[in-house]
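Note sheet for the following structure.
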Amino acid sequence: MINQRLMRHGKKKLAYRILQKSLKNLKNQKNQKQDPLLIIEKAIRNTTPSIKIQKRRIGGAVYPIPIELEIDQGIPQAISWILMAAKKRQPKRTLARNLAQEFLDASKKLGTAFYKKEELYKIADANMRSKNKKSTKLSGQRRSMQYAEKKKNPDKDNPVGAKRQTLKRTSSGPVAQNPGLNIINKKT
């Protein structure tokens, strides 16, 4: 897959040669005792994103919204970030040396490709927070509006409404507000 991403204008042999030189550079590093393929695997694993940012238009404004990615979609993105970072490295060196150095940095959670992933996560986190703040702010406004309406019309939610008879406590016991309905205290 790295060969396919590295290849330009159908020159597969050139891409293969660059990758082989990069593997040799990884193997010949002074402090490296690991297998170069394990370093590449770890670098790709460290730079693989699990989300992507998609822009949505909501109410005339464009918002970046984070969306989860499948692993099959994240790996090519990680490889392209590593290759792009290697191409932007020191132009005096060969691409094979720059690619080897970028693989090493990405495996240690350093380098441009890894920081690109971290930047993506920061954007996604900021947009999730702002989305949550907006929704809680609106729901708080709705709650306060409902509370104000209940204060104005307390019998609105009451099933019987204003016609409901409330009982008062007097010294002789419960008495209805309407004296015509007072059956308890009537003298016969």
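The values are calculated or read from the model by the stated rules, or taken from the named source; none is laboratory data. Source: prediction; values computed, not measured. Ideal geometry is used to build each Cβ from the backbone, glycine not excepted, and the neighbour counts take in all protein chains shown.
Among residues that are aliphatic (A, V, I, L, M), at pLDDT below 90 and under 22 Å from Gln4 (Cα atoms), Ile58 is not included. In region 27-46, the residues that are at pLDDT below 90 reach residues that are small (Gly, Ala, Ser) and part of a helix (DSSP H, G or I) with C-beta atoms within less than 8 angstrom, at least six apart or across chains, in these pairs: Gln29/Ala100.
Of all residues in region 1-30 being of a type in the set (A, V, I, L, M), over 11 Å from Arg97 (Cα atoms) and touching a Leu at 6+ places or on another chain (Cβ under 9 Å), which is surrounded by the most Cβ atoms within 10 Å (Cβ to Cβ)?
If we filter region 1-30 for residues that are of a type in the set (A, V, I, L, M), which is where we start, we get 1-2, 6-7, 14-15, 18-19, 23, 26.
Filter again for over 11 Å from Arg97 (Cα atoms), leaving 1-2, 6-7, 14-15.
Imposing the further condition that a residue be touching a Leu at 6+ places or on another chain (Cβ under 9 Å) reduces the set to 2, 6-7, 14-15.
On the way: Ile2: 18, Leu6: 22, Met7: 16, Leu14: 14, Ala15: 18.
Out of the qualifying residues, it is Leu6.
Scan region 1-23 residue by residue and report those that are farther than 18 Å from Asp35 by Cα, at pLDDT below 90 and aliphatic (A, V, I, L, M). Met1, Leu6, Met7, listed by residue number. Somewhere in region 74-81, is a residue touching a Lys or Arg at 6+ places or on another chain (Cβ under 7 Å), surrounded by 17 or more Cβ atoms within 10 Å (Cβ to Cβ) and closer than 18 Å to Lys24 by Cβ? No: region 74-81 contains no residue that is touching a Lys or Arg at 6+ places or on another chain (Cβ under 7 Å), surrounded by 17 or more Cβ atoms within 10 Å (Cβ to Cβ) and closer than 18 Å to Lys24 by Cβ.
Beta carbons closer than 8 Å, at least 6 apart along the sequence or on distinct chains, pair a first residue in region 61-72 that is touching a residue at least 40 places away in the same chain (Cβ under 8 Å) and under 7 Å from Ile51 (Cα atoms) with a second that is of a type in the set (Val, Ile, Thr) and part of a strand (DSSP E or B) for Pro66/Ile51; Pro66/Ile53. Return yes or no: is Ile44 of a type in the set (Val, Ile, Thr), under 25 Å from the mean Cα position of the chain (by Cα) and surrounded by 13 or more Cβ atoms within 10 Å (Cβ to Cβ)? For Ile44, the condition - of a type in the set (Val, Ile, Thr), under 25 Å from the mean Cα position of the chain (by Cα) and surrounded by 13 or more Cβ atoms within 10 Å (Cβ to Cβ) - is met.
Just to check your reading of the model, which residue among Pro49, Pro91 is free of Cβ contacts under 8 Å to residues at least 60 places away in the same chain and in a loop (DSSP other than H, G, I, E, B)?
The conditions single out Pro91.
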